[in-house]
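The values are calculated or read from the model by the stated rules, or taken from the named source; none is laboratory data. These numbers come from a predicted model, not from an experiment. Positions of Cβ are generated from backbone atoms using ideal geometry, with glycine treated the same way; all protein chains shown enter the neighbour counts. Quick note on the areas: whole protein, heavy atoms, side chains included, nothing else; ligands and nucleic acids left out. Shrake-Rupley method; radii C 1.70, N 1.55, O 1.52, S 1.80 Å.
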Amino acid sequence: AQKVTQAQTEISVVEKEDVTLDCVYETRDTTYYLFWYKQPPSGELVFLIRRNSFDEQNEISGRYSWNFQKSTSSFNFTITASQVVDSAVYFCALPISSGSARQLTFGSGTQLTVLP
Amino acid sequence: GAVVSQHPSRVICKSGTSVKIECRSLDFQATTMFWYRQFPKQSLMLMATSNEGSKATYEQGVEKDKFLINHASLTLSTLTVTSAHPEDSSFYICSASRPGGVGYTFGSGTRLTVV
């Protein structure tokens, strides 16, 4: 099976707290990419990161960081010092092959609410 | 950067009418376009995949005669919801992939309400 699991449906934190969003994936590909997207209430998808399975180094971008662990098939996302503007639904996604195309399959998403 | 323009952003239509949603790639050629549907508080679910100049491939459970997809050029793909019903009310979003690329460019989405 090829799928993405985001076990946390909703998370609520108070501003300035750190929060980690979990993502576990299954794939039969030996090399693959993983994505994280943010979907604010307006609905558009905001690209956050694309990660190649070759590279297991953790990545940091400002208050965002990602922990990729191939051994546990996880690609977790941490927001440090959360802000109200971080409130959104966050999706982890994995490209899967279907014929000649590779479409993104999304996890169920995690609704993050950051309270002031 | 790559941009996909999706229109309209919101549409309200009467039950039984048809609605067309357009996605245009503005600065690249989109050989493949993916169409997703998202119901409230749910994830994005792939409806169909279209390749320029050929018939779309629909996911299981998606009615191809109801959701007509046309990908007649490398810069334009359209989704027409025919004979819309209230249960078709949803958020529809397109995504284009570029040849040889491993990125996906999403449109801004269309919120369809059928009354």
Return the residue satisfying two criteria in turn: it lies in the stretch A:24-51 and is more than 23 Å from B:V4 (Cβ to Cβ) and not in a loop (DSSP other than H, G, I, E, B), and of such residues it is least open to solvent (accessible area, probe 1.4 Å). A:Y25
Considering only the stretch A:52-66, state which residues are more than 14 Å from chain B (Cβ to nearest Cβ) and either free of Cβ contacts under 8 Å to residues at least 12 places away in the same chain or open to solvent by 70 Å² or more (accessible area, probe 1.4 Å) (or both). A:E56, A:Q57, A:N58, A:E59, A:I60, A:G62
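Considering B:A56, B:A48, which residue is among the small types (G, A, S), within 22 Å of A:G107 (Cα to Cα), in contact with a strand residue (DSSP E or B) (Cβ under 6 Å, 6 or more places away or on another chain) and surrounded by 15 or more Cβ atoms within 10 Å (Cβ to Cβ)?
On inspection, the qualifying residue turns out to be B:A48.
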Which residues, taken from the stretch A:61-102, are touching a Phe, Trp or Tyr at 6+ places or on another chain (Cβ under 8 Å), farther than 29 Å from B:T49 by Cα and among the aliphatic types (A, V, I, L, M)? A:I79
Go through the stretch B:12-45 and count every residue that is open to solvent by 30 Å² or more (accessible area, probe 1.4 Å) and either out of contact with any Lys or Arg (no Cβ under 8 Å at 6 or more places or on another chain) or of a type in the set (A, V, I, L, M) (or both). 17
Every residue in the stretch A:1-23 that is under 23 Å from A:S71 (Cβ atoms) and in a loop (DSSP other than H, G, I, E, B), please. A:A1, A:Q2, A:Q6, A:A7, A:Q8, A:D22, A:C23
All conditions in (1) at pLDDT below 95; (2) within 22 Å of B:Y36 (Cα to Cα) are true of A:K70 except (2)
Any idea how many residues of the stretch A:72-116 are open to solvent by 40 Å² or more (accessible area, probe 1.4 Å), within 14 Å of chain B (Cβ to nearest Cβ), in contact (Cβ under 8 Å) with a residue 12 or more places away in the chain and in a strand (DSSP E or B)? 3
